[in-house]
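Let me begin by presenting the structure, written as structure tokens, before commenting on it.
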Amino acid sequence: MAGDHPDEDLAPEQTAGFKVGEKKTIDEYKQLDQNDESLRKWKESLGLGTGNDLSDPNDPRKCIILSLGLEVEGRPDIVIDLKDKAAVDSLKKKPFTIKEGAVFRMKVTFKVQHQVLSGLKYIQVVKRLGIKMKHQEMIGSYGPCTDQKPFYEKKFEPDTAPAGFTGRGSYYAVSRFVDDDDETHLQFEWSFNVEKDW
């Protein structure tokens, strides 16, 4: 990672009073009190007990980030393939273009394996002309993917690209996917240009 983006820039923001729950295996979650309606609904929201687990026993990763996309109404999505290490490594050298003032929404697709993924967050630090802007998006908690839910997709809140003479130009970014256990599932550098038109 570049020296001008120290690790504390990509540290998740903490919610006052929040404590990470005790880690449990999938079987332990399945055995939790079946008579508790709210607990049953919570387990269903994680997809526990539905479908056949698709976890790859030869791949120890808990979370696999598949892609990061940019949706703009009336335009084809810009999708960044994050499955392939070579594609991730080339992101910094291959910027994409965003039209100034465009309203866009980012989205991520990912897979979960082996255990419950708790509190996945997306943290992004963008730098231009010595100014840093940090953004954090809560993605949530998920159970392992199944044949009924082979991957997850989360759309972020809409955002607006910078505009005007000072907004146009090249931007450098570092992104990190991290969970409540402070485990980083993917961190990468990338760049984009804000221009007058697509």
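Against the definition (closer than 18 Å to Thr109 by Cα, out of contact with any His (no Cβ under 8 Å at 6 or more places or on another chain), modelled with pLDDT of 90 or more and surrounded by fewer than 16 Cβ atoms within 10 Å (Cβ to Cβ)), how does Asp77 come out, yes or no?
yes
Can you name every one of the strands (runs of 3 or more DSSP E) wholly within the range 100-160 that holds 1 or more residues which are among the aromatic types (Phe, Trp, Tyr), over 12 Å from the mean Cα position of the chain (by Cα) and over 17 Å from Leu66 (Cβ atoms)?
Once the strands (runs of 3 or more DSSP E) in the range 100-160 are filtered for at least 1 residues that are among the aromatic types (Phe, Trp, Tyr), over 12 Å from the mean Cα position of the chain (by Cα) and over 17 Å from Leu66 (Cβ atoms), what remains is 103-112.
Look at Leu66 and say whether it is within 18 Å of the chain's Cα centre (by Cα) and in a strand (DSSP E or B).
In short, yes.
Checking the conditions here, which among Gly3, Gly17, Gly51, Gly47 is part of a loop (DSSP other than H, G, I, E, B), at pLDDT below 70 and touching a Ser or Thr at 6+ places or on another chain (Cβ under 8 Å)?
Gly47
If you go through the range 133-152 one residue at a time, do you hit one that is aliphatic (A, V, I, L, M), closer than 29 Å to Ser55 by Cβ and surrounded by 14 or more Cβ atoms within 10 Å (Cβ to Cβ)?
Looking through the range 133-152, at least one residue is aliphatic (A, V, I, L, M), closer than 29 Å to Ser55 by Cβ and surrounded by 14 or more Cβ atoms within 10 Å (Cβ to Cβ).
Within the range 161-198, track down each residue that is assigned to a strand (DSSP E or B), under 16 Å from Glu100 (Cβ atoms) and hydrophobic (A, V, I, L, M, F, W, C).
Result: Phe192, Val194.
Please state which of the following conditions Ala163 fails to meet, knowing it meets all the rest: (1) free of Cβ contacts under 8 Å to residues at least 40 places away in the same chain; (2) farther than 22 Å from Phe188 by Cα; (3) among the small types (Gly, Ala, Ser).
Going through (1) free of Cβ contacts under 8 Å to residues at least 40 places away in the same chain; (2) farther than 22 Å from Phe188 by Cα; (3) among the small types (Gly, Ala, Ser) one by one, Ala163 breaks only (1).
The values are calculated or read from the model by the stated rules, or taken from the named source; none is laboratory data. For clarity, every value in this text was computed on a predicted model and none was experimentally measured. Here the Cβ is made from the backbone with ideal geometry for all residues, glycine too, and neighbour counts use every protein chain on show.
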